[in-house]
Amino acid sequence: MEECVVGLGTLLIYFAVLLILPLWAQSKVKNTYKKYMKVPSSSGMPGADVARRILQENGIYDVRVEETKGFLSDHYDPRKKVVRLSSHNYHEPSKAAAAIAAHEVGHAIQDAEDYAFLRFRHSLVPLANLGSNFSFFLIIAGILLTIPGLLGVGIVFMAFAVLFQLVTLPVEFNASNRAMDQLVSTGVIANNEHGETKKVLNAAALTYVAAAVVALMELARFVLMFLHMNE
């Protein structure tokens, strides 16, 4: 009876972490972003100009800066060589806009310098997509039909998706470090703005950390099921 209670308690904690951690990370980044999107940077430069200045300072002339729709939909597209900034970050001279624009240009700099982790992440995309699309069905089928081999294949597929999440972490942290260096060296932010800009970048990084932790926990759970099924 005690083992059942302990097992139920562990399961509840597990699912609580899976649910609460991503929600907390999303809330943190949204609240931090909304706070600093209202605070103008000392340079008065909108995000689009920040991005273009950093690109020029690094001798990158084949990357465009474009506006895109959506809230925090900012990203770098390595296939089309485009930094896309959401409307506020594109037009407004806020500290949040400067931080996020610089972060996305950080990815463009990684691309130009052939950054190893970025290349590795790109190479994982087909396998990660395969894992994301099919692993769950294989795992559920393996559990319901009690077929260890099927469950094992599903776990392998899921592992590719998890690996992609893990490789994403150094890519994102490196882009944020580059962003801070570039914002300071180009004079976009003053010394007294360093801490506030860092808060925006750190909050955004939490979403990737949360996603990686959740993915690892899910993978570990299914691995334990697989081992138990083979006892």
**Asked** Can you spot a residue in segment 185-198 that is in a helix (DSSP H, G or I), in contact (Cβ under 8 Å) with a residue 60 or more places away in the chain and of a type in the set (A, V, I, L, M)?
**Response** no
**Request:** Test residue 90 against the stated conditions and say whether it is under 19 Å from residue 176 (Cα atoms), in contact with a helix residue (DSSP H, G or I) (Cβ under 9 Å, 6 or more places away or on another chain) and open to solvent by 40 Å² or more (accessible area, probe 1.4 Å).
**Result:** yes
**Item:** Residue list for segment 51-73, filter: in a loop (DSSP other than H, G, I, E, B) and farther than 15 Å from residue 183 by Cβ
**Value:** 59, 60, 61, 62, 63, 69, 70, 71, 72, 73
**Message:** Any residue at all in segment 98-112 that's more than 17 Å from residue 182 (Cβ to Cβ), modelled with pLDDT of 95 or more and surrounded by 14 or more Cβ atoms within 10 Å (Cβ to Cβ)?
**Reply:** no
**Request:** Report, ordered by the first and then the second residue, all pairs with beta carbons closer than 6 Å, sequence separation of six or more or different chains, a first member in segment 202-231 that is assigned to a helix (DSSP H, G or I), and a second member that is open to solvent by 50 Å² or more (accessible area, probe 1.4 Å).
**Result:** 203/28; 206/28; 211/165; 212/165; 212/166; 215/165
**Message:** What's the number of the only condition in (1) small (Gly, Ala, Ser); (2) more than 14 Å from residue 187 (Cα to Cα); (3) modelled with pLDDT of 95 or more; (4) within 22 Å of the chain's Cα centre (by Cα) that residue 51 fails to meet?
**Reply:** (2)
**Asked** Does residue 33 fit the bill of being open to solvent by less than 90 Å² (accessible area, probe 1.4 Å), at pLDDT 95 or above and in a helix (DSSP H, G or I)?
**Response** yes
**Fill in**
Among helices (runs of 4 or more DSSP H) completely within segment 87-155, the ones holding 3 or more residues that are hydrophobic (A, V, I, L, M, F, W, C) are 95-112, 116-144
**Request:** Report the residue count in segment 46-86 for those that are open to solvent by 50 Å² or more (accessible area, probe 1.4 Å) and in contact with an Asp or Glu (Cβ under 8 Å, 6 or more places away or on another chain).
**Result:** 2
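The values are calculated or read from the model by the stated rules, or taken from the named source; none is laboratory data. Remember, predicted model here, so these are calculated numbers, not experimental data. Methodologically, a virtual Cβ is constructed for each residue, glycine included, from the backbone with ideal geometry; neighbour enumeration extends over all protein chains shown. Keep in mind that these areas ignore ligands, DNA and RNA; they rest on the heavy atoms of the full protein, side chains included. Shrake-Rupley method; radii C 1.70, N 1.55, O 1.52, S 1.80 Å.
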